[in-house]
Structures are given as structure tokens and as C-alpha cells.
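Below is one structure, written out as C-alpha cells; the observations come after it.
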Amino acid sequence: MDKLEKIGALRTFFPIFDQLDLVEALAEHSQFMKVPNEVEILQENIYINAVPLVLKGSVKVSRIDEKGREVFLYYITAGQSCAMTLTSVLRREKSKVRAITMKETHLLTVPVNVVYDFNKKYPGWQHFIIETFSLRFDEMILTIESVAFSNMHERIIQHLLKRAQSQQTHSLNISHQEIALDLATSREVISRILKQMEKTGLITLSRNNVKLHQSLFERKNTSK
């Protein structure tokens with residue numbers, strides 16, 4: 001991807017960058033990457049070399065707790081970056097999360113030293129950071145409310161819908177064990193509830209796959 005193509009992609013997916021000189025600087029200093037599915041692009045406890053800007057695809061961000069269990073945090077999709085990565089870069093700390101692609105993903109990576117300069121020079125970049133933090137804060141509040149006030153059945157539905165939205169598909173290649181890890185519960189609980197959902201026509205189950213039916217999306221809309 002050449003500089004003009006990068007500028008076009010940034011204008012399309014990151015309209016928040018409304019300063020032409022910022023867009024040109026990002027295009028000049030960033031590197032385009034096409035990353036296959038299920039590739040780890042960020043590890044915990046290492047210093048971060050670059051900040052990712054997602055143009056296409058989906059990235060799952062999680063962290064490992066003290067017992068070695070993976071805790072799901074959020075997905076990054078087109079037009080977004082990783083709030084935890086930005087936090088670690090700004091504080092000059094090692095990464096506190098891991099990130100893995102959920103499908104083929106296209107990225108522009110911005111070197112850390114350039115990010116430091118952008119923070120001082122471009123209000124548009126500062127605005128982007130604030131909006132990124134705000135988005136993840138809102139998601140955190142919803143997650144807390146879900147854990148505190150929703151039953152596991154509703155949490156599973158919301159998790160499946162969020163994953164489907166991030167990957168732009170109704171057919172999710174995901175195991176019962178992976179859902180259980182994301183929601184910090186047992187595989188047996190997940191399997192039982194998924195089978196109930198299948199009986200009511202909300203989903204279809206097959207090996208390591210959950211197909212979401214339109215009735216599940218309509219259920220979400222009518223519950224608002």
C-alpha cells in the first residue's frame with residue numbers, strides 16, 4: 001500500500017483525523033500489514049513498538065489473570081485502535097494485554113516514537129485517543145452492568161452478538177470452551193444454555209460453530 005492508498009484508507013475509516021497534515025504524517029510514517037486469522041499481534045509483558053490502526057478485520061484483546069486464565073476485554077474493528085495499547089505507550093510501560101486476529105486483518109502500524117510526537121503536535125490525534133478511551137470505558141460500564149444485573153443466558157446472547165458484529169458474520173467459529181473462558185464460567189454451563197437457545201430457534205450448533213439466526217438479532221432489537 002503506497003502513501004496515497006494509505007491516505008485514502010485513513011480518510012475512509014478514520015474520519016476523526018480531520019487535519020490533512022495529520023493524515024499525511026500518518027501515511028508517511030505508518031506501515032501497512034495484512035495479518036492472517038488467529039495470529040497474535042501483541043503479547044503481554046513486552047514493550048510496544050507500534051500502535052495499530054485497524055482498516056479491516058477484527059482483533060480480540062484479552063489478558064491473562066494470576067491463575068493463567070484468559071480474560072476477554074474487547075474487540076477492535078475497522079476505524080479503531082487498542083485503548084490498552086495506547087495507555088501502555090503513553091505511560092511507557094510494557095503491554096498488559098494480548099491481541100489476536102479473529103479473521104484476516106489489515107492494519108496500519110504507527111511507530112511509538114512517532115506517536116509521542118503526534119501527541120504534542122496534532123489535536124486530532126489527541127481527540128482520537130480520548131474517543132478511544134471513551135468507547136472502551138462505555139463498554140466496561142456495560143460489562144459491569146451485565147455481570148451485576150444480567151443472567152448468564154443474556155450475557156451469552158450479548159457476547160455472541162458482539163462477536164458477530166465484530167466479524168461481520170452470523171456464523172461464528174467458536175467452541176463452547178472459548179465462550180466459557182471469555183465469560184469466566186464453566187463449559188458445562190455454556191453448553192447447557194446454548195442447547196436451550198438452539199431448541200428455541202435462536203441458533204444452530206455444530207462442532208466448534210454457532211450459527212446465529214435472524215430471530216436472535218430481532219430479539220435484541222425488541223428488548224431495547
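What the table below lists for this structure:
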quantity	calculated
Condition check for GLN126: of a type in the set (S, T, N, Q), more than 21 Å from ILE190 (Cα to Cα), out of contact with any helix residue (DSSP H, G or I) (no Cβ under 9 Å at 6 or more places or on another chain) and at pLDDT below 95	no
Any pair with Cβ under 8 angstrom, 6 or more apart, that starts in the stretch 120-140 at a residue that is small (Gly, Ala, Ser) and ends at one that is assigned to a helix (DSSP H, G or I) and open to solvent by less than 20 Å² (accessible area, probe 1.4 Å)	GLY124/LEU22
Failed item, numbered, when ILE141 is tested on (1) loosely packed, with under 14 Cβ neighbours inside 10 Å; (2) among the hydrophobic types (A, V, I, L, M, F, W, C); (3) modelled with pLDDT of 90 or more	(3)
Residue list for the stretch 95-119, restricted to those being in contact with a strand residue (DSSP E or B) (Cβ under 9 Å, 6 or more places away or on another chain) and over 25 Å from ALA184 (Cα atoms)	GLU104, THR105, HIS106, LEU107, LEU108, THR109, VAL110, PRO111, VAL112, VAL114, VAL115, PHE118
Top-ranked residue in the stretch 144-162 [being polar (S, T, N, Q) and modelled with pLDDT of 75 or more; ranked as surrounded by the most Cβ atoms within 10 Å (Cβ to Cβ)]	GLN158
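One line per residue, one yes/no per condition, for (1) under 21 Å from ASP182 (Cβ atoms); (2) surrounded by fewer than 19 Cβ atoms within 10 Å (Cβ to Cβ):
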site	(1), (2)
LEU22	no, no
ASN45	no, yes
VAL51	no, no
VAL59	yes, no
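The values are calculated or read from the model by the stated rules, or taken from the named source; none is laboratory data. Quick caveat: nothing in here was measured; it's all calculated off a predicted structure. All Cβ positions, even for glycine, are placed from backbone atoms using ideal geometry, and neighbour counts span all protein chains on display. We work out accessible area using only protein heavy atoms, side chains counted, and drop any ligands, DNA or RNA first. Shrake-Rupley method; radii C 1.70, N 1.55, O 1.52, S 1.80 Å.
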